Amino acid sequence: MAAKQLIQEVDRPRFSDLAAVFDFTAGRDLKTMEQLKDIHLTASGKGAIALVLKFLTREGRIADKLDEVLVPDWLGYWVYNQMHTFAFPTKQYSERVKAIFVYHQYGFPQNMDAIMQFAKEKNLVVIEDCAHALQSYYRDKLVGYFGDFSVYSFSKWFFCYALGGVGSKAPGFDDFFQESLKDRHFFLSSFRAGAKLFYEWARFQSFPSVKRSATYGIRMSYSIYESALRPGRAAVNLLEQKLPEEIALRKRRYEYFLRETAGRELRRGLEEKGITPYLIPVFGIRAALEKLVQSLRDIGIATGIHNFDSARNLLSPRYELCVPLPCHSGMSDAQFEKMITLVKKNL
């Protein structure tokens, strides 16, 4: 019988995380962190997307909902949904496209040379989705600094309730951001944080009714992400506590993965340096990947078979089957090493 799946894409919330609510010193050192020096914190990544599109609407770059945002072939449904208030997400370029949404999947950068050239030719606003890419580099430049805007989702990396961010050098954006955060929306923010906590806890429970209830709650909370933009104190405090160590750990584990899989086809095309992975994709034929997924489930690691853009270019993607491997701090080094051993055995 398979072991209980305890390791998922993101680590579970811990009881100690609740204490962050009572720490009133949160955020003191955030701007000293390299990863955050040019980022405005928001209550969620989805809220950051809405904020950028609202600003572009105010500035006249997006005229109405008939204007379009060019997006990759696959993003989460609620990311598309967040755009609909302001513009229409599309997978095909037309004269209605006003912006391009660049998704750095699993922390592996897109081909920013090709994308920036296309955006320049078509006069498009470039929005970098750095939800998976907090500290990855393209040609020795940190992703998030190529486009006009960058959006982040810190709560994907570790539990910190709901927390995102946005970066931009666009004239007037800083003032627009500060104005947008004036409304505190205490009750909406409390509901958002509670729904997120319940959802992240329920993902690790075995009762279907609990999971369904948590899913309903988180979906309802998404509808207020555009309005409740101010980040919670507990979320900011957890970010300050966890971010530096999380990034250092993921870098170290990616280096271990590269050493252990050197010369193997399973890691085709993955960079040797400059990557802090959200997940680590490994490649193979479907039958071998299915066998790997089952082997990982047997030791309590939940994953599946997904598509990865090996061309790294949303303008001309080349999707290949992969199994994304977790590498977060919720795993011990022994668990991570055992996972890599199974990867080498199956692929």
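The values are calculated or read from the model by the stated rules, or taken from the named source; none is laboratory data. In this text the structure is predicted, and so the values were computed from the model without any measurement. Methodologically, a virtual Cβ is constructed for each residue, glycine included, from the backbone with ideal geometry; neighbour enumeration extends over all protein chains shown.
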> What residue, of Glu272, Glu240, is more than 23 Å from Glu128 (Cβ to Cβ) and modelled with pLDDT under 95?
Replying inline: Glu240
>> Are there helices (runs of 4 or more DSSP H) fully within region 184-268 with at least 1 residues that are in contact with a Gly (Cβ under 7 Å, 6 or more places away or on another chain) and of a type in the set (Val, Ile, Thr)? List them.
In response: 233-260
>> Quick check on this structure: which one of Ala228, Ala214, Ala195 is assigned by TED's automatic domain parsing to the domain that holds Ala162, touching a Ser or Thr at 6+ places or on another chain (Cβ under 7 Å) and either without any contact (Cβ under 8 Å) to a residue 60 or more places away in the chain or surrounded by fewer than 16 Cβ atoms within 10 Å (Cβ to Cβ) (or both)?
In response: Ala195
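Here is a yes/no grid of residues against (1) touching a residue at least 24 places away in the same chain (Cβ under 8 Å); (2) more than 22 Å from Leu163 (Cα to Cα):
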residue: Lys91; (1), (2): no, yes
residue: Ala99; (1), (2): yes, yes
residue: Val102; (1), (2): yes, no
residue: Tyr106; (1), (2): yes, no
residue: Asp113; (1), (2): yes, yes
residue: Met116; (1), (2): yes, yes
residue: Lys120; (1), (2): no, yes
residue: His132; (1), (2): yes, no
> Are any residues in region 272-287 under 20 Å from Lys344 (Cβ atoms) and touching a helix residue (DSSP H, G or I) at 6+ places or on another chain (Cβ under 9 Å), and if so, which ones?
Replying inline: Glu272, Ile275, Pro277, Leu279, Ile280, Pro281, Val282, Phe283, Gly284
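For region 208-219, name all the residues that are of a type in the set (A, V, I, L, M, F, W, C) and at pLDDT 85 or above.
Hits for region 208-219 are Val210, Ala214.
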> Looking at (1) surrounded by 14 or more Cβ atoms within 10 Å (Cβ to Cβ); (2) assigned by TED's automatic domain parsing to the domain that holds Gly144; (3) not β-branched (Val, Ile, Thr), which is the one condition that is false for Ser209?
Replying inline: (1)
>> Out of Arg203, Arg267, I need the residue that is crowded, with 16+ Cβ neighbours inside 10 Å, farther than 30 Å from Asp183 by Cβ and touching a residue at least 60 places away in the same chain (Cβ under 8 Å). Which one?
In response: Arg203
>> Condition first: β-branched (Val, Ile, Thr) and either buried (at least 23 other Cβ atoms within 10 Å of the Cβ) or not assigned by TED's automatic domain parsing to the domain that holds Phe146 (or both). Now tell me which residues in region 86-110 satisfy that.
In response: Ile100, Val102
> Any residue in region 294-304 that is acidic (Asp, Glu), over 30 Å from Thr90 (Cα atoms) and touching a Leu at 6+ places or on another chain (Cβ under 7 Å)?
Replying inline: no
